[in-house]
Amino acid sequence: MPKNNSDMYSASEQKVIRELGIRVRQLRDEAGLSQERLAELAEMHRTYISSIERGQQNISLTILIRLATALEVSLEKLFTGI
């Protein structure tokens, strides 16, 4: 059983997961939101937001939609620069 992302995903997939986490944090900071507040708005746990931002979660489309909605950005903007 895989222990972490490096065991499950290719290097290019890991890179996208990490870059998405960085982008979520960037947008959260720009919106002036704490991880806790973003988690509330997206109906997630704060530790899940933290693990996304650290590039430890390969998140689903549903989670991407929740994040974009909570951050008040389009999915396109969520992926800008990735």
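The values are calculated or read from the model by the stated rules, or taken from the named source; none is laboratory data. All figures in this text were calculated on a predicted structure; none of them were measured in a lab. Here the Cβ positions follow ideal geometry from the backbone for every residue, glycine too, while neighbour counts run over all protein chains shown. Protein only, heavy atoms only, side chains kept; ligands, DNA and RNA dropped before computing areas. Shrake-Rupley method; radii C 1.70, N 1.55, O 1.52, S 1.80 Å.
A few remarks follow.
- Relative contact order [Cα under 8 Å, 6+ residues apart], the chain, whole percent: 35
- Value of [θ]222 nm, deg cm²/dmol, for the chain, DSSP H segments ≥ 4, -39500 (n - 2.57) each, nearest 500: -19000 deg cm²/dmol
- Label-to-label distance, nm, for residues given as GLU13 and ILE82 (7 Å Cα→Cβ offset): 1.5
- Ligands, DNA and RNA excluded, the heavy atoms of VAL16 present near 70 Å² of accessible surface to a 1.4 Å solvent probe.
- Residue-wise HN-Hα couplings along the range 52-68, as the Karplus relation 6.51 cos²θ - 1.76 cosθ + 1.60 with θ = phi - 60° gives them from phi, are 5, 5, 8, x, 9, 10, 8, 8, 7, 4, 4, 5, 4, 5, 4, 5, 4 Hz; Gly and Pro carry x.
- In this view, the solvent-accessible surface of THR62, computed with a 1.4 Å probe and all protein chains in place, comes to about 90 Å².
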